[in-house]
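Each value in this text was obtained by applying a stated rule to the coordinates, not by laboratory testing. Values in this document were obtained by computation on a predicted structure and should not be read as measured data. Virtual Cβ from ideal backbone geometry, glycine too; neighbours counted across all protein chains shown.
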Amino acid sequence: MSVSLLPSLLPFALAVAGAGLAGLVGRLLGRAELGDRLAGLGIVLGLGAGWLWLGGPAVPTIAADWAIAAGALATAGGVVADALRLGRGPRLLALGLGAVAGGWVMAVAGGVAAGLSAPTALLAWGLTAAAWIGVLLRLEGRGASAPVAVLAAALGLGGVAWALDNAPVMGLAPVLICALLGWVLWSGLRRLAFSATACAASAGFTVALATAMALDMPGALPALAVGGLCLFADGTAARLVPPRRRKVPRHRLLVHAGLSLAPLPIALALALIAAGMPAH
């Protein structure tokens, strides 16, 4: 898979169009709020189109291809939560079930594609599902800070893939970033909340692609773990913003964005070190 400009512009445009289409359909059906909540499906549309443009599923299917299926399956949990307007507890349960299902696809189907034995794949399923649910719990209900954290995580994922020369993820990471940017643009213009659908889609595809790279290259795990620290920057950002400016959202977001990017150079350095290690 090669990286070119069009596979990055296409998911951006389709993510915006998909988010807008969800809102339009919701309004035509008299359920404008639901349409806005389902705008996160634009991420699925944008990433899926970019993936197909890059060639779609390989033969035989590789772990990165299973990541697309796993992310889409996990997104279904968010769609159910938004469609049924579930309260926090049931909403988290729906997101968690989607993560467990997506983790199964990644660890079992993707793990077998990566050459794992059945027992090891089952162990990977448990670890993947736990990490996936942890990311969802970290992002759900975080408001405007959540898209910043996910974008930083996707950027770090792309950097680690580049350092380790993992071609499948290196090709898909820019597509994911552009799809996320498309949704962020639309949600910013429409002042949309970070719905369960958006949470499930953005976290799902990011975690699934990170899992795909870890399955292909276990040496990537330390770099991916350090890159994941970007998800925990919001608390520190809140404390660093001067009290007189805490009521101005853009100040906190700027500080949060800077702190979210801080772990990425360390993650990149770890990936470069891992890339230089001899294979065993």
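The Stokes-Einstein estimate for the chain, based on a Kirkwood radius over Cα pairs and taken at 10 °C with 1.306 mPa s viscosity, is a diffusion coefficient of 85 µm²/s. The peptide list 197-207, 86-96, 252-262, put in order of mean Cβ contacts within 10 Å with the highest first, becomes 197-207, 252-262, 86-96.
A simple count of charges around residue 167, restricted to other residues whose Cβ falls under 15 Å of its Cβ and scoring Lys, Arg +1 and Asp, Glu -1, yields -3. Near residue 36: Cβ cut-off under 14 Å, other residues only, Lys/Arg at +1 and Asp/Glu at -1. The net charge is +4. Legend: ranking of residues 230, 178 from fewest to most surrounding C-beta atoms inside 10 Å; resulting order 178, 230. Here is the tail figure for region 92-181: Cα pairs spaced more than 16 Å apart come to 64 percent of all pairs.
Annotation: peptides 48-57, 148-157, 165-174, ranked by per-residue average of other Cβ atoms within 10 Å with the highest first, follow the order 148-157, 165-174, 48-57.
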